[in-house]
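In what follows, a structure is listed as structure tokens, so that the remarks can point back to it.
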Amino acid sequence: MKPRHIPVMAREVIHYLVNGNSEIFLDCTVGAGGHAAKILEAASPYSRLIGIDTDLEAIALARENLSSYGDRVSLIHGNFADMSEILSQQGVSQVDGIIIDLGVSSLQLDTPDRGFSFRNDGPLDMRMDRSSGQPISYDLNRKSAAELAEIIRTFGEERWAKRIASNIVSARERSAVITTTQLAEIVKKSVPRYSGKIHPATRTFQALRIYKNSELANLKSFLEQAIPTLRSGGRICAISFHSLEDRVVKHTFRAMERGCVCPPDAPICICGGKPEIKILTKRPVTPQQEEIEDNPRCRSAKLRAAAKL
Ligand code: SAH
């Protein structure tokens, strides 16, 4: 049987991230520890890795899976949007390599009671960090149709957002919308033609998950902190799974590579901004066909890498 948690584009990540001189790595989404193990394997035995995850179950699993690396590994339950604070609590000011592998893990997706998947019947939770906040069902049963439509349109790029939202509101007048199957049915009925290729609820589930976990805001905040934290010559790898995330990574990297923020028609630079990074991947790197066959969930992955100047 194939392992359930296969690190996405591990070979490519190692290529961009690891060299013999690297001492400290930061894995911002340690998950089951797939990438972390590959990094620790490829790097010098004197290197260490700090792994962060917002999901307590992921931290417990990573602790088990990475136990053979002993004190080369420190695992912390926290949000990558707080990375600077987390590192300073560890007494670390700069690192040599940072990896962020965004999105939801197989473990989260395949556990019905996490509520991430419309393929499994479960409570509509969708929190990556179940130690705080309210499940998404809380929002679904309280927000106005306009608010729900806005979330589904913005984070799902769903053209039928308004219809879906108004059908959620009318369904909840009969009974509260609390399960993934209920929501998947409502969405299916709201979307007129359904080609059968991707499930009609895919975009709505994605939108609600991004909203619930403030994924884009966290990513922006992470990127602002990550580059200053890299040592000169240090590397960053970011893997994203949908275009909204990839766009944030792409634009931030490009702006940091340019440095200057003067208008394009300005005759000379007056802002004084200097390039901070060099982008190592002109286009995003995508998984090889072979990897997609092994692990179909990685098919939409995009890896962008950069080096700190
Ligand atoms: N690279 C891992 C898999 C990561 S899956 C491996 O090879 O095993 C993505 C992980 O990111 C999930 O465990 C999820 O809980 C975590 N995550 C998502 N948003 C986060 C955030 N804002 N802060 C920290 N971890 C986050």
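How high is the FRET efficiency between Ala60 and Asn120 when r is their beta carbon distance and R₀ equals 22 Å, given to the nearest 0.05?
0.55
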Hz values of 3J(HN,Hα) by residue in the range 114-125 - Karplus curve (6.51, -1.76, 1.60), Gly and Pro given as x: 7, x, 8, 10, 7, 7, 10, 7, x, x, 7, 9
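With r as the distance between the Cβ atoms of Cys262 and Ser93 and R0 = 22 Å, compute the FRET efficiency 1/(1 + (r/R0)^6) and round to 0.05. Please report the intermediate quantities before stating the final value.
On the way: r = 31 Å, r/R0 = 1.41.
After rounding to 0.05, the efficiency reads 0.10.
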Rounded to 10°, Cα long-axis angle of helix 145-156 versus longest principal axis of the chain: 40 degrees
Label-reachable residues, the range 27-48, where backbone N falls under 20 Å from a point 7 Å from His77's Cα toward its Cβ: 27-34
Longest DSSP-loop-exposure-free segment, GluC sites (Glu not before Pro), the chain, at most 16 other Cβ within 10 Å: 158-309
Nonlocal amide H pairs with Gly115, under 5 Å, H built at 1.01 Å: Asp125, Met126
Fully extended contour minus Cα-Cα distance, from His251 to Ser106, at 0.36 nm per residue: 49.4 nm
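Run through the range 19-92 and list the chymotrypsin sites (Phe, Trp or Tyr not before Pro) located in a DSSP loop whose Cβ has at most 13 other Cβ atoms within 10 Å. Mind showing how you got there, number by number?
On the way: sites: Phe25, Tyr46, Tyr69, Phe80; in loops: Tyr46.
Filter output for the range 19-92: Tyr46.
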Charged-residue dipole, Cβ positions (Lys, Arg, Asp, Glu), the range 130-212 about Cα centre, Debye nearest 20: 180 debye
Between 0 and 90°, nearest 10: helix 243-258 axis offset from the chain longest Cα axis: 30 degrees
Dipole-positive endmost among Pro200, Ala161, Thr181 within the range 130-212 (Cβ charges, Cα centre): Pro200
Set of lysines near Lys162 by C-alpha distance (under 20 Å), chain-local residues within fewer than 8 positions excluded: Lys143, Lys188, Lys189, Lys212
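May I ask you to derive the relative contact order of the range 130-212, considering only C-alpha pairs under 8 Å and at least 6 residues apart, and to give it as an integer percent?
Values: 89 pairs, mean separation 29.9, N = 83.
Contact order relative to length: 36 percent.
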Neighbour cut-off at most 15 other Cβ (10 Å), DSSP loop, chymotrypsin sites (Phe, Trp or Tyr not before Pro), the range 179-244: Tyr194
Dipole magnitude of the chain, debye to nearest 20 (Cβ charges: Lys/Arg +1, Asp/Glu -1, about Cα centre): 1060 debye
Trypsin sites (Lys or Arg not before Pro) restricted to DSSP loop in the range 201-291 with at most 15 other C-beta within 10 Å: Lys282
Share antiparallel - DSSP beta bridges, the chain, percent rounded to 5: 40 percent
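Computed from the coordinates by the stated procedures, all read-outs in this text should not be read as laboratory data. The structure presented is a predicted model; accordingly, all values stated were derived computationally and were not measured. FYI the Cβ positions are ideal-geometry reconstructions off the backbone, even for glycines, and counts take in every protein chain you see.
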